[in-house]
Each structure stands twice: as structure tokens, then as C-alpha cells.
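The block underneath contains the structure these notes are about, expressed in C-alpha cells.
The values are calculated or read from the model by the stated rules, or taken from the named source; none is laboratory data. Since the model is a prediction, treat every value here as computed from it, not as a measurement. A quick note on method: Cβ atoms are made from the backbone with ideal geometry, for glycine too, and the neighbour counts reach across all protein chains shown. Each accessible area value is taken on the protein alone, full model and side chains, heavy atoms only, with ligands, DNA and RNA left out. Shrake-Rupley method; radii C 1.70, N 1.55, O 1.52, S 1.80 Å.
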Amino acid sequence: MQLKRPILVGGLGLSASLWLMNIVGHSPLGDGSGLLGMFALGSGLWWLKQRSPAAAIEPPLALGPVDRAAVEQILSEVEARLNTLIKELPADVQADQTQPIWAQIAQQRQAIAQTLASLNRETLKFAVVGNPSTGKTALVSQLSESWQKSQPTVAAIAEVTDDVALPPVDTDLVLFVTAADLMQAELQRIQSLLKAGYRVQIAYNKQDQLAPLDRQSVLQRIQTRVEDLGIGVSAIAAQPSPIKVRRHQENGDIEVSFEQPDPQLESLTERLTQLVETEAQQLVMTTALRQAKALLNTAQQLINCQRRQRAIPLVEQMQWIAAGSAFASPLASLDLLASTAINAQMIVDLGAVYGQKFSLEQAKTAAGTLAELLVKLGLVELSTQALGSLLKTHAATYVAGGALQGVSAAYLTRMVGLSLIDFFEEQSLLPVEKQNSAFGEMGDRLQSLFQATKKGAGLQVFVQQALAHLPLPQAKPVATAQ
Ligand SMILES: Nc1nc2c(ncn2[C@@H]2O[C@H](COP(=O)(O)OP(=O)(O)O)[C@@H](O)[C@H]2O)c(=O)[nH]1
Ligand SMILES: [Mg+2]
């Protein structure tokens, strides 16, 4: 691997990128040149995975049976997280019950109690969901006029008119109405309902519009798409179109009139009756489980919010240390060992804030992985260029020496730090068995963060701050030309 020393490139040597490449130990122009090139072209789209049209929903989304103990266990975990939250509060907040966080904690505890109480609920709520004009309103009115009257357990059947919203949290069963084979967007919506923990039943409406043969084949196609998920499909006609009836009169005339056929809901109402009679408890438990999980999520978000307040100053501290060391020895320390060490320390420190313990060895490996990612994705190059041109226009006199290296090191450290915070937060919201420390998977995160910060005035402000942290000889701010 041959790297030209940046100093040869002239006064504005973009050494930071080469510096990172050195640390990483190989040039990105090897296996990563294609990526780098595409980024330079600004296409930036290569990483968007091409989504093949999903023919069916993957089975792992199927909801298993839920028991009371599972719900209670999650609720006690919520309580435990609230206690963690309280323990981690800064002393002054901890001592001051008027702080807003205490109201949030009280609200959470109340919700825990409500969810526990709801386990004994004896009524059910249905929500009717689907694309516009599939017949939701017709179905709701038909069901409530007939079937629901014989079902004292069913307290409500409500239409969700919003095209994308999830039904209310206390919905025990979602009736998903479609008027044809499921389209991609409908499948996705069903998928997110399952992900969110809703029980779903599909009502395939407007049967009267199809010839019997088509009905059967479409019904089968829908069934195939959702099989293995515990989703039943019922073919119905909630409000069949009137049909033309011709009657031969005695005088030979033909009288044409329209008749309103009866709705056909039996296959659905049979299924619903069966669900209500045999699975009401399961439906209630499933709702409680979903609510308990939502509470767990909220509790964790409250924790994350507090932790972020401790984490950001750590990142800032590290970014200025990185700036200082890169500035002080732009060539030698730019052999990246310094920054890897700094990033490793940052991983250990941030990990500690987020309750993840890393040995320094583990952290060093992770920091190496991240440095490699930065180079491979072309982010070092991009940010050095962006920062370089800002420095050139706004603070020409500072460009000498290691200013660019210092600012770049600070910026890259910050990006890594913020990505780590996001990463830890996201991990904390996953079930334990899904958590991992795969720092190598942080590419997308780093990328979008870099793209976001490159826009707007943020980068300029950052450059000013970074310069203020460098021990520059004539550290007078230069008038900036806006
Ligand atoms: N042919 C036929 N039309 C129906 C059926 N159910 C509803 N519709 C018609 O589809 C249109 C949309 O129905 P609506 O219930 O308002 O759909 P929503 O937007 O999903 O609430 C209306 O003109 C209904 O009369 C059905 O089973 N067969
Ligand atoms: Mg409607």
C-alpha cells in the first residue's frame, strides 16, 4: 500500500483522511474504491437495499399465546427500570419532587397499575382498519346492527379512518378490510400491526363484485400471504351492489327494478363469535402485553433521555482532546493511534453511561472497526473536504499547521460519539436477546449523521467552536464572511 505523504499536497494537505487510513492500516482505494467513488459523485444511494416485493409476511411476526405471568413479568421490569431511572437522576433532581421527570414517573406507575387491572377486563374492543373505500364504514354499521347485538362482550367496533395510524392501544382485535388481493402497502401495514403486537383478522370484502372462480383464487392468494401468522381471512360482502331484476309482465313488457341483496357476513361473524367465545382472554392478554411492552419502551426512553444528558458532555470532552492531539502533532499522531485510543476511551465511557461494560481491549477493537468504517464509507474524505473549505473561507489564517487535522479529528470524534449514543439507545430498546455490540453495523447510522450535519449552518458553528479549542498562536477570531 502506497500512501503519499499529505505534506506534499501543499499547504492544504488533507492529511486527516490519510491519517485515518494509516491507522486503519489499509487504503480505502483497495476494496472500497467503488464505494468511495460513488460517494464522491454524491449518488449516495448504493446502500439503500433494493427491496424485493414481499410475497408473504415472514412468520417470525406471528403472535404466540400470551399468559398473565408474561405480562406481569414485563410490568415488574418496567418498575425496575423506573427505579434505575430514579437511581441515575442527578442528585438535585432526585431531591426535588417538583421536577417534571417525577410527574412522568408517577404517570408510568399509574399506567402499570391500569395495565395490571386490565388483565381482568371482560369486554373487548375491535378496530376496523384498511385502505379508503374498502368498505370499513359499511362493515362497522352491518356488524353493529346485527352481530354485535348478540355479543355482550364486544363493547366497541370502531373504524380507524386514518390511513396509516395504528388503532387505539386498547384494541383487542383488528379487522383488516381489503377489497382485493393485498397490495404491498397493505401487507406492510399488516406487518406493522403484528410488529406492534395487534391480533389481526382479515375481511376480504366486496365478494359480490367478483365471479365465483376469481373469489376463490384471490381468497387463496391472500391466505397464502398471511398463513403461519394466525391471521384468518373471511370473504364477505358488507354492502353488495343492488342487482338489476327483470320481471316479465303479463302484457309482455319487461319491468326492470333494483334489489338490494343481503350482506354476506357469515364467514366473518362465525369466526368472530368463535374468537369471542374461546379466545376473549387471550385477546385481552395480548392487548395487556402490548401495553406492557409500550410502557417498558417509554421507561427506557426516559432513562435514555437522562443518559444522553450525561453522554453528550463526554463526547464533547473527547472531541476537544482529539482536536488538541491532532493539532499538536499533525503528522505523527495522525497515524491514528491517538484517535483510536480516544475513540476506545469514548466507547468505554459511553458504554458505562448506557450500562454496557467494555474492556479496553474490546473498545479498541470496536474503535478500529469504526475508524475503518469512516474510511470505507468515504466519510473521512467528505468531512475533511467540507471542513477544509470552511476553514479556507472563514478563517484563512488558521489553516496553517494542524488546524485542519485538529478540527477534522474533533468532528470525526463527535460523529462517532453521537452515533454511539444512538446505537446504545437503540440497543437498549431491543429485547435482551436481540442486543449486540456489532459496531460494524453502524455504517448507515454514521452515514446519515454525516449527511445531516453537512447540511445547514451546523458545520460552520462547529468549526468556530473547534478553532476556539485549539491552542492557535494568533487566536483572535477572524471576521467571518457570511
Ligand atoms: N359492491 C360492493 N360495494 C361495497 C361493499 N361494501 C362497501 N361497498 C361500497 O364501497 C364504497 C366504500 O364503502 P365505505 O364503507 O364507505 O368504505 P370505507 O372508506 O372503507 O369506510 C361504498 O360505495 C360502499 O357502498 C360490498 O360488499 N360490495
Ligand atoms: Mg369510512
**Complete:** Checking 174, 140 in turn, the sole residue that is out of contact with any Leu (no Cβ under 6 Å at 6 or more places or on another chain) and within 25 Å of residue 281 (Cα to Cα) turns out to be 140
**Request:** Scan the range 130-165 for residues that are in a loop (DSSP other than H, G, I, E, B) and within 13 Å of ligand 2 (Cβ to nearest atom) and report the count.
**Result:** 9
**Message:** Being of a type in the set (A, V, I, L, M) and either in a strand (DSSP E or B) or within 15 Å of ligand 1 (Cβ to nearest atom) (or both) is the filter here; which residues of the range 118-129 pass it?
**Reply:** 124, 127, 128, 129
**Request:** Kindly indicate the residue of the range 233-263 that is modelled with pLDDT of 95 or more and in a strand (DSSP E or B) and also farthest from ligand 1 (Cβ to nearest atom) among those meeting that condition.
**Result:** 233
**Asked** Considering only residues of the range 178-209 that are touching a residue at least 60 places away in the same chain (Cβ under 8 Å) and of a type in the set (A, V, I, L, M), which is surrounded by the fewest Cβ atoms within 10 Å (Cβ to Cβ)?
**Response** 196
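Among the listed residues 169, 174, 160, identify the single one that is open to solvent by 60 Å² or more (accessible area, probe 1.4 Å) and in the same structural domain as residue 241 (by TED's automatic domain parsing).
On inspection, the qualifying residue turns out to be 169.
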**Verdict on residue 288 being out of contact with any strand residue (DSSP E or B) (no Cβ under 6 Å at 6 or more places or on another chain), open to solvent by less than 20 Å² (accessible area, probe 1.4 Å), more than 20 Å from residue 141 (Cβ to Cβ) and touching a residue at least 24 places away in the same chain (Cβ under 8 Å)** = yes
**Message:** Just the residues that are within 18 Å of residue 212 (Cβ to Cβ), open to solvent by less than 20 Å² (accessible area, probe 1.4 Å) and away from ligand 2 (no atom under 16 Å from the Cβ), please, taken from the range 223-249.
**Reply:** 234, 237, 240
